[in-house]
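**Student:** I have a structure I would like to understand better, so I am pasting it below and will then ask my questions one at a time.
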Amino acid sequence: MAAAGERQSNPGAGSKMRGCGIITSLLLLGVTYTAAQGLTEVSMGRFTDITLNVSSPVEFVLRNIPSNISFILIQVHTQYNNITLSISKIPSVNDSVTGVDPGLLTALITNQTLCTWYLETTSPDPLLASAITIPFTETDPIPGGCNLEFSLDVDPNVYLQYNLYETVIMFAPANLGHAREETPPACDVQMGQGSRWRLQYDVYQYFLPENNLNDSDLLAHLQKMTLTPDITANGVKLATLTSSDRTTMSFSSVPGQGVIYNVVVRDPVLNTSAAYVPVHTYACSFTDPMDNCRTLGQVSTKVFFTVCAIFGLFICFFGHRFLKTGFFSMGFIIFGFFMFLLLTSFTQLNHDARLSLSALMGVVGGLLLVAYWWRFGCVYLCVLLVGLVLGFLVAATVFFTPIGDYSTFRNDSIYWLTFTCIALLVPAFMLPIPKVLNILSCGVVGSYTLVLAIDSYLYTSLSYITLNVLKRALNRDFSTAYSSVPFQKNDFIIMAVWVVLAVSGVITQFCRERERPRFPPAPYLIWKRDRERRITNILDPSYHTPPLKDRIRANLARIRRFFRKEQSLGERTPLLL
């Protein structure tokens, strides 16, 4: 009986085991189904790395939200592929945002402890992204809470546009914080200290390492520009805007160089702050088939600046010794630069055509300067033009420093007047000693051409010494742009090379030319003097030299006789003896 009882009890136990197995299977299927749907749990204040593509949208879930939290900001970042972040499964205009750095601000209701968001992309390839949720209390200002320009009711995003000259960021004004389900303060009813007009905005900039296009490195650096304490510790504050200022700023575009921008809104009364969603750019495209971020620098540009660097290094060490070559190079720079400005301003030619015509005009200008020196031998006028090139480089270097970002120089009249004065002071002070001015110009300008050549192959911020001036001359809106660029390890090395080359070239030329005359006489005067000497001095062997025209004719006749077939003289037979 006991055995029977045991046998009777075994089927019951087996049914229980089968029931548990069914439940376990259902749970496993549920987990599998959830994983297939891309459910991802996130934590407040912590980054979560995800991989998504067009076939695997992601659902974010944030649980256990404390009751003192009034708003949750979620943001997701990718390198260059657009992604869509939304509150609902089917995105709409008012509850979704698309971009490489999208963010959404969710207002919580009473007793809400869970939030859900949805993320999708149209990219067929696996896409690396990073997401984070940031909580705001009722005392924190709300980024984008007074949005009147963009599609979202509350828009915490920083919008970015760029072109060849400048990068522009825009953001919506913030509003004061409030508790859950309270009516938000009115944005524009009053303008006192009890309204959002007391808020201030700090704009920060952060440069990525040079020549780094790695997506994982970008996401790691974005973490340094997301939370307010990290932003103030790692970013560079460029400006502080008040609520009466325009929420727009522009910066100089640096193609190929990664840069992150973010805005921190501060409430000076409650001593609280909140950060917008950071935005990044490389000022170039990753998807263009030609001249994209990974292949910046056209072949024509590389050839042009490589040839310029060869001539530049030559005049750096031998510019005064070979005076005509030095004058040709300086004339090439002056005429080529102004030709490029004119072609870019008044024509729609492509880059290669403009560069070719500028080079052609530079050659003509260099030959004209050499011809003027050959015919008239006017040292001061030629050296004045050479000194203006040095003065231009000195003035450009002055405005390359933080001095160029002073608000005073955002006025074009003040900027160009100051720039011209600095450029003229250099030759004006040194023109009484033209030999020194010529050698200094050859050494400094000639060595700088190597910097431009390096930039066509490997990025360096030193090229923006002259590029910023070129941008300012071509684009009127560039006057409002901040021209700050990163100055990192490569730039220090290249700057050291530039200084060493310039000093070495100047010292070499001073040592070589210290016992020589300041300038040789004009070649035309030497030729004229020799011709008169040959005419008047019959004892001079050169007196009996035929004129140049007769010598050319004689040489041509000699060449013709060399190729002419000999005429037959008739029958040739040996003499009969």
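**Student:** Per residue, how large is the accessible surface of the range 77-140? Use a 1.4 angstrom probe and give square angstrom.
**Tutor:** 44
**Student:** Still on this structure: Quick one: grab the alpha carbon gyration tensor of the range 167-290, order the square roots of its eigenvalues as a ≥ b ≥ c, and give me rounded if a/c is under 1.5, else prolate or oblate depending on whether a/b is larger than b/c.
**Tutor:** The shape class here is prolate.
**Student:** For helix 412-430, report the angle its Cα long axis makes with the longest principal axis of the Cα atoms of the chain; keep it between 0 and 90° and round to the nearest 10°.
**Tutor:** That helix lies at roughly 40 degrees to the long axis.
**Student:** Starting from the Cα of residue 435, draw a straight line to each of the aspartates and glutamates and keep only those under 18 Å, dropping any in the same chain fewer than 8 residues away.
**Tutor:** Filter leaves 513, 515.
**Student:** Quick query: amide H of residue 39 versus all other amide H atoms, modeled in the peptide plane; which residues come in under 5 Å with a sequence gap of 5 or more or a different chain?
**Tutor:** Here the answer is 59, since their amide H atoms fall under 5 Å of that of residue 39.
**Student:** Further, regarding this structure: Starting from the alpha-carbon convex hull of the range 449-541, give the projected area averaged over all orientations, in nm².
**Tutor:** Mean shadow area of the hull around the Cα atoms is 11.8 nm².
**Student:** Calculate the radius of gyration of the Cα atoms of the range 142-236 to one decimal place, then report Dmax, the largest Cα-Cα distance, as a whole number, both in Å.
**Tutor:** According to the Cα coordinates of the range 142-236, Rg and Dmax are 16.5, 49 Å.
**Student:** Would you work out if the range 305-354 is rounded, prolate or oblate? Take a ≥ b ≥ c from the square roots of the eigenvalues of the alpha-carbon gyration tensor; rounded if a/c is under 1.5, else prolate when a/b is larger than b/c, oblate otherwise.
**Tutor:** Prolate is the answer for the range 305-354, as a/c is 1.5 or above and a/b outweighs b/c.
**Student:** Give the calculated FRET efficiency between residue 128 and residue 211 to the nearest 0.05, with a Förster radius of 22 Å applied to their Cβ-Cβ distance.
**Tutor:** 0.65
**Student:** Return one whole number: the accessible area per residue of the range 393-482 in Å², for a 1.4 Å probe.
**Tutor:** 41
**Student:** Of the listed peptides 163-170, 426-433, what is their order by residue-averaged count of other C-beta atoms within 10 Å, with the highest listed first?
**Tutor:** My ranking of the peptides, most packed first, is 163-170, 426-433.
**Student:** Would you tally the net charge around residue 511, using a Cβ to Cβ cut-off of less than 14 Å, leaving residue 511 out, and scoring K and R as +1, D and E as -1?
**Tutor:** After counting each charged neighbour, the total is +3.
**Student:** Given a Förster radius of 45 Å and the C-beta distance between residue 428 and residue 548 as r, what FRET efficiency does 1/(1 + (r/R0)^6) yield to the nearest 0.05?
**Tutor:** Approximately 0.55, to the nearest 0.05.
**Student:** Take peptides 277-283, 186-192 and line them up by average Cβ neighbours within 10 Å, highest first, as a rough protection proxy.
**Tutor:** Top to bottom by mean Cβ count within 10 Å: 277-283, 186-192.
**Student:** Same structure, new question: Accessible area of the chain with a 1.4 Å probe: how many percent of it is carbon plus sulfur?
**Tutor:** Looking at the chain in its full context, I get 62 percent from C and S.
**Student:** Here's a follow-up. Please say if the range 376-495 is rounded, prolate or oblate, where rounded means a/c under 1.5 for a ≥ b ≥ c the square roots of the C-alpha gyration tensor eigenvalues, and otherwise the choice is prolate for a/b larger than b/c and oblate otherwise?
**Tutor:** Oblate is the answer for the range 376-495, as a/c is 1.5 or above yet b/c matches or exceeds a/b.
**Student:** Once both axes come from the Cα atoms, what is the angle between helix 434-457 and the longest principal axis of the chain, in degrees from 0 to 90, rounded to 10?
**Tutor:** Long axis of 434-457 versus the principal axis of the chain: about 40 degrees.
**Student:** Cα axis of helix 489-513 to longest principal axis of the chain: angle in degrees, 0 to 90, nearest 10?
**Tutor:** Taking Cα atoms only, the helix is inclined about 10 degrees.
**Student:** Suppose every Lys and Arg Cβ carries +1 and every Asp and Glu Cβ carries -1, with no other charges. What dipole size does the range 208-319 come out with about its Cα centre, to the nearest 20 debye?
**Tutor:** It works out to roughly 180 debye.
**Student:** Please list, in order, the residues from the range 277-311 whose amide nitrogen is less than 20 Å from a point placed 7 Å along the Cα→Cβ vector of residue 54.
**Tutor:** Within reach of a label on residue 54, which here means backbone N under 20 Å from a point 7 Å along Cα→Cβ, the range 277-311 contributes 286-289.
**Student:** Here are labelled values, [x] 29.9; [y] 41.9; [z] 29.1, and one is the computed Kirkwood radius over Cα pairs in Å for what I pasted. Which one?
**Tutor:** Of the labelled values, this structure produces [x].
**Student:** Would you mind checking 324/489; 237/302; 302/471; 89/237; 324/549; 224/302 for any pair whose Cα atoms are more than 31 angstrom apart?
**Tutor:** Among 324/489; 237/302; 302/471; 89/237; 324/549; 224/302, the Cα-Cα distance tops 31 Å for 324/489; 237/302; 89/237; 224/302.
The values are calculated or read from the model by the stated rules, or taken from the named source; none is laboratory data. Since the structure is predicted, the reported quantities are computational estimates derived from the model, not experimental observations. Don't worry about glycine lacking a Cβ; one is built from the backbone with ideal geometry, like all the others, and counts go over all protein chains shown. These accessible areas exclude ligands, DNA and RNA; they are computed on the full protein's heavy atoms, side chains included. Shrake-Rupley method; radii C 1.70, N 1.55, O 1.52, S 1.80 Å.
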